[in-house]
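The values are calculated or read from the model by the stated rules, or taken from the named source; none is laboratory data. Everything numeric here is computed off the predicted structure, so don't read it as measured data. Here the Cβ positions follow ideal geometry from the backbone for every residue, glycine too, while neighbour counts run over all protein chains shown. Surface accessibility is based on the protein's heavy atoms, side chains included, excluding ligands, DNA and RNA. Shrake-Rupley method; radii C 1.70, N 1.55, O 1.52, S 1.80 Å.
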Amino acid sequence: ADLDTLDIIVLAAILVGTVAYFTKGKIWGVTKDPYASSFAAANGAKAGKTRNIVEKLEESNKDCIIFYGSQTGTAEDYASRLAKEGKSRFGLETMVADLEDYDYDNLDAIPSNKVVMFVLATYGEGEPTDNAVDFYEFITGDAPQFSLDNEPALGNLNYVAFGLGNNTYEHYNSMVRNVNKALENLGAHRIGDAGEGDDGAGTMEEDFLAWKDPMWKALAEKLSLEEREAVYEPVFGIVERDGLTAESAEVYVGEPNRMHLDGTPKGPFNAHNPYIAPIAQSYELFNVKDRNCIHMDIDISGSNLTYQTGDHIAVWPTNAGEEVDRFLAVLGLESKRQNVISVKALEPTAKVPFPTPTTFDAIVRYHMEICAPVSRQFLATLAPFSPTDEIKAEMAKLGGDKEYFHEKINVHHLNIARVLETVGKGHKWTNVPFSAFIEGITKLQPRYYSISSSSLEHPKKVSITAVVEETRLPGRDDPFRGVATNYLLALKQKQNGDPNSSPFGLTYEITGPRNKYDGIHVPVHIRHSNFKLPSDPLKPIIMVGPGTGVAPFRGFVRERVQMARNGQAIGKMILFFGCRKPTEDFIYEKEWEEAKQVLGDNFEIITAFSREGSKKVYVQHKLQQRSKDINDLLEQKAYFYVCGDAANMAREVNTLLGKIIAENRGIPEAKAEEIVKSLRASNQYQEDVW
Ligand code: FAD
């Protein structure tokens, strides 16, 4: 098999190290499986890895460690971009680290010629991401205990901070703000500003780019770094494994980890290890041609997974065949798609983000977020590898010019392969080392769904209510389509007997790697949430859930129907639901009727239809109309729940609730806002928004 020039250089560089590797391929596969090892770590087996930051920096000869607190992969992605940029522009020896993998009590022992970066996402209601909980509690705790007796405790520490947040949430970027404050109080020295990216305004990427340049300047000054002509150095080496084929037993063709490859998947099932769950049934909820909303019941009885009403289920999607083909074609990899390769980290602190040996096809289909928005910086990175000088100039322009990039790429929602196709004008991008894509493209992320079933009624069946992402965009023939929801749609079509199921011409490998998902299965895990019914079934509840925001409330209502059937007394429930038209997208209409038959006056659904009459009516209008009832119920200690659109609806409902309280209680709005805040603090006001 012929290799790209750069890959050959890379290959030569790692040849020495890989002689042993060729002969012991199998053992290698076992020990270096990143999923297996993080899985092992999650289960307490530390596999001899140090949790000591100082030791790690020393033994790997690093000047800079970049910690990430990441939930959906963006913070992790930014961390590795900072690591690469530090290396290529300044020759800084950088490493990226998961906050979960280290202890923090010797942050004070990091020498002052080194730097620690924190890239921290804020999750939900101002919470740390799952992997940052321990760090957050340590550093913001009353008196963090450090290894030395320095005064101030972190007087030696140089740090850099960037936060990822969403201004539609009340606790905007609270992670980076609170950590920054804590570090300052402990006497650490920040380099550059503590940056804040805003997903709510849709400016995350540009906020990051605008923040990092002055930060690098300040850092270069502080550590006396010399800027050099940026040179790309691949982080991963690609080795073709001529002796293996996609059929060989040790080759991963999409299996998420070793257990799945061996055919012995077992729990615990979690973010490192999905359960391949049978789909019990699936059906369409809308009654209109060009929009889809899927109901899916997922059977978890064959696993030790459990859930509670209000939890989230994560779906592990695969990419659409059409997009996989496009990606491989534009890189000139079509004929090599089933070739077996091993991917090796060329430096000890880098982690290969998928198990190998594997195939190009499997990497692109199962492990890379190839359809996601493209970053400007990534285009700049790829520019030097352009097929012609003219294309190189265009790539550099796209990489450097914010307005131009927005107009050419953003507004059309082009993914990376579509960008390369468009800019490349028929040329293949065979000069780009494949490592650049592994580094530059995020790991394919599971998508979360608010579980719409009740665990009391169906402890082993989890329901999903998902609207299919399909958006018509100006200047594009085909609509933009979401990854996971179109995958779910394909599964639904297959299950319901459409033999050529390919929604909108998209093809999915529905039967999964080695047909292991055949018989209609979907890989999932469960994430527990705090969005919960009051423990007292007599407490009244008010639910606001337009569109698919109604998902968890289907679970809540079914739960209380089940309680009533079991002879329990139930408190009053009001559900505010909104959609376009009663004839089109009034989902679960029959089920609400059935609930009313069981619960009588204790269940009321109030609907708002935005496209029925001449005036658009939203749930907010209906809440206003029922202002007095809402206030009365709140005074009876009702729980108030909001689910769905975070950007507009949830924020407006929050403001409106303050107004409702003010007008009914005759108090100033500022006072009412305080009451709303205290409702939130005491969990009487809960949100499940996205
Ligand atoms: P994706 O491919 O992820 O695209 C999503 C959006 O990203 C697009 O609409 C677009 O705005 C943007 N985007 C993607 N690619 C590009 C590109 N190349 N260029 C520009 N923009 C791009 N959804 C439900 O339907 N029901 C639920 O009950 C539900 N519950 C949720 C609960 C939680 C806690 C969270 C976090 C989310 C929930 N969601 C729910 C949303 C769900 O997780 C998914 O985000 C949604 O289904 C879309 O997934 P997708 O893979 O189809 O779309």
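Structure notes:
- Relative contact order (percent, whole number), the chain, Cα cutoff 8 Å, 6+ residue spacing: 12 percent
- Rounded to the nearest 0.05, the FRET efficiency derived from the C-beta distance between residue 230 and residue 635 at R0 = 56 Å is 0.35.
- Taking the inverse of the mean 1/r over every pair of distinct Cα atoms in the stretch 541-689 gives a Kirkwood hydrodynamic radius of 15.8 Å.
- Farthest toward positive dipole pole in the chain [+1 Lys/Arg, -1 Asp/Glu at C-beta], among 437, 82, 575: 575
- Sum of -39500 (n - 2.57) over DSSP H runs of 4+, divided by residues of the chain (222 nm, nearest 500): -10500 deg cm²/dmol
- A 1.4 Å probe run over the chain, with the rest of the protein chains in place, finds 43 Å² accessible per residue.
- Proportion of all alpha-carbon pairs of the chain beyond 39 Å (%): 38 percent
- Between the amide H of residue 368 and those of 444, distances stay under 5 Å, these residues lying 5 or more places away or on another chain, with hydrogens modeled in the peptide plane.
- Kyte-Doolittle mean at least 1.0, axial Cα span of 20 Å or more - DSSP H helices of the chain: 5-23
- Computed from the Cα positions only, the extents of the stretch 533-596 along the three principal axes stand at 35, 19, 15 Å, in decreasing order.
- Accessible surface of the chain, 1.4 Å probe, proportion on carbon and sulfur as whole %: 49 percent
- Per-residue 3J(HN,Hα) values for the stretch 529-536, derived from phi via the Karplus relation 6.51 cos²θ - 1.76 cosθ + 1.60 with θ = phi - 60°, read 10, 9, 7, 9, 4, x, 5, 8 Hz in sequence order (x marks Gly and Pro).
- For residue 605, the residues whose modelled amide H falls within less than 5 Å of its own, excluding neighbours fewer than 5 places apart on the same chain, are 575.
- Here the chain carries DSSP beta bridges of which approximately 45% are antiparallel, counting only pairs with both residues inside.
- Accessible surface for residue 601 stands near 130 Å², nearest 10, in the context of the full protein assembly shown (1.4 Å probe).
- Relative contact order computed over the stretch 541-689 (Cα-Cα under 8 Å; 6+ residues apart), in percent: 25 percent
- Annotation: amide H-H contacts under 5 Å for residue 117 (H modelled 1.01 Å from N, sequence separation of 5 or more, or interchain): 65, 66, 67, 160.
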